[in-house]
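Heads up, the thing below is written out as C-alpha cells.
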Ligand code: ZN
C-alpha cells in the first residue's frame, strides 16, 4: 500500500471530508440500484465534480463515477487539463478511469479499498504511475477503506437477499468484482 501524505494544499481532515462526500455519492448510487461508487474532484479546496456510478441508468459502460466527475470538473475549469485537482473515489479505479486520470493530468488520487478484480492503480495494473506514460499521479490508497467497502458489501448482500439466486451468469456479483 502506497501512501503519500505530504500534500501542501490539503490535509488529512480535508481528505476525510471530501471522501465523505464521495461516500454520500456512493449511497445515492445504491438508492438508484447502481453499484455504489462515488467520486469527487477538488480544486483549490472546492468541489468541482461529484458523481456516482450511473451505468444502469444511462445504459452506458463508461458511466463510471470517475468519468462523470472528470467531465464535470473539465467543464468547470473550461479545460481538459485538471492540473491542481485531486480525485476522491470510494474504490480503486478501473483501467478506463485510471487512463482518464492520466489523460486529464490530474495531480492526486485518493481512493478507498483496492479492487482485486478490476483495480488499475496498483492491484492489476498501475496505469496512474507507469513511467512510460507522460503523466504520473500521486496516489493515496486504502483511505477510509472500511466505510467504502461496507457500502459495497451492504449493497450486494441486499441484492443477494432479494434475488436468492445467482443473477444472469454475468459474474459481476460480489465486492471484489464490481467492474468499476
Ligand atoms: Zn472505472
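Assorted remarks:
- Scope the range 121-140; condition part of a loop (DSSP other than H, G, I, E, B) and either touching a strand residue (DSSP E or B) at 6+ places or on another chain (Cβ under 6 Å) or away from the ligand (no atom under 16 Å from the Cβ) (or both); matching residues: 130, 131, 132, 133, 134, 135, 136, 137
- Of the residues making up the range 105-116, those that are surrounded by fewer than 18 Cβ atoms within 10 Å (Cβ to Cβ) and touching a helix residue (DSSP H, G or I) at 6+ places or on another chain (Cβ under 9 Å) number 1.
- Among the residues of the range 18-34, those that are touching a strand residue (DSSP E or B) at 6+ places or on another chain (Cβ under 8 Å) and assigned to a helix (DSSP H, G or I) comprise 18, 19, 21, 22, 23, 24, 25, 26, 27, 28, 29.
- Residues of the range 148-180 that turn out to be touching a helix residue (DSSP H, G or I) at 6+ places or on another chain (Cβ under 8 Å), modelled with pLDDT under 50 and under 16 Å from residue 33 (Cβ atoms), as a count: 2
- Selection from the range 78-104 of residues that are free of Cβ contacts under 8 Å to residues at least 60 places away in the same chain, more than 14 Å from the ligand (Cβ to nearest atom) and crowded, with 17+ Cβ neighbours inside 10 Å: 82, 85
The values are calculated or read from the model by the stated rules, or taken from the named source; none is laboratory data. Keep in mind it's a predicted model, so treat the numbers as computed, not measured. Ideal geometry is used to build each Cβ from the backbone, glycine not excepted, and the neighbour counts take in all protein chains shown.
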